[in-house]
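The structure appears below as structure tokens.
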Amino acid sequence: MKRTAYSLLLLAIAAAASWLVLSRSSPPTPTEATPSYPLKGVVASVETDDLLLLVEHEDIPGFMPAMAMFFRVDAETHHSARAGQRIEATLIRKPESLLLTNVKLTTVPLKTPPGL
């Protein structure tokens, strides 16, 4: 009985300490400590199992050279994105992922061969 009561007391103290630590740290706002960069490129593919787009992007000055990589997007963007579309967005660098916000997708029109 005493062992169970002691275990419950330790668990309650640990939970209270965790709550105290977490309540003091607020997530950074995009204007605070979260770096953001303009991104331009082309959607190479849409990942079906997760909210990810594979984007072949141009140089991102001050962050990385041009390359193809996966970026997390919101559900609406994921649903409307298609391979081959041009993409412009704001890249937010978070500790756990790279997130695209303010996404603008445009379809590149196919060129009609001359004489058609």
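Add +1 for every Lys or Arg and -1 for every Asp or Glu among the other residues with Cβ under 15 Å from the Cβ of SER45, and state the total. Please report the intermediate quantities before stating the final value.
Details: positive: ARG72, ARG82, ARG86; negative: GLU47, ASP49, ASP50, GLU56.
Charge balance in the 15 Å sphere: -1.
Show me 59-66, 39-46 ranked by packing, highest mean number of other Cβ atoms within 10 Å first. Display every interim value, and only then the final one.
Working: 59-66: 11.5, 39-46: 18.0.
Per-residue Cβ counts within 10 Å, averaged per peptide and sorted highest first, yield 39-46, 59-66.
Apply the Karplus curve 6.51 cos²θ - 1.76 cosθ + 1.60, θ = phi - 60°, to the phi angles in the range 79-92 and return the couplings in whole Hz, x for Gly and Pro.
Running phi through 6.51 cos²θ - 1.76 cosθ + 1.60 with θ = phi - 60° gives 5, 8, 6, 9, 4, x, 6, 6, 9, 10, 7, 9, 8, 9 Hz.
What translational diffusion coefficient, to the nearest whole µm²/s, does the range 36-106 have by Stokes-Einstein, given a Kirkwood radius computed over alpha-carbon pairs, a temperature of 37 °C and 0.692 mPa s viscosity? Mind dumping the intermediate values first?
Details: Rh = 11.8 Å.
For these conditions, the coefficient is 278 µm²/s.
May I ask for the net charge around ALA66, where only other residues with Cβ less than 14 Å from the Cβ of ALA66 are counted and Lys, Arg are +1 while Asp, Glu are -1?
Details: positive: LYS40; negative: GLU56, GLU58, ASP59.
Net local charge, ALA66 excluded: -2.
Only the coordinates and a few stated rules stand behind these numbers; no lab work does. The model shown is predicted, which means the values in this text are computed figures rather than measured ones. Please note: Cβ atoms are built from the backbone with ideal geometry, for glycine as well, and neighbour counts cover all protein chains shown.
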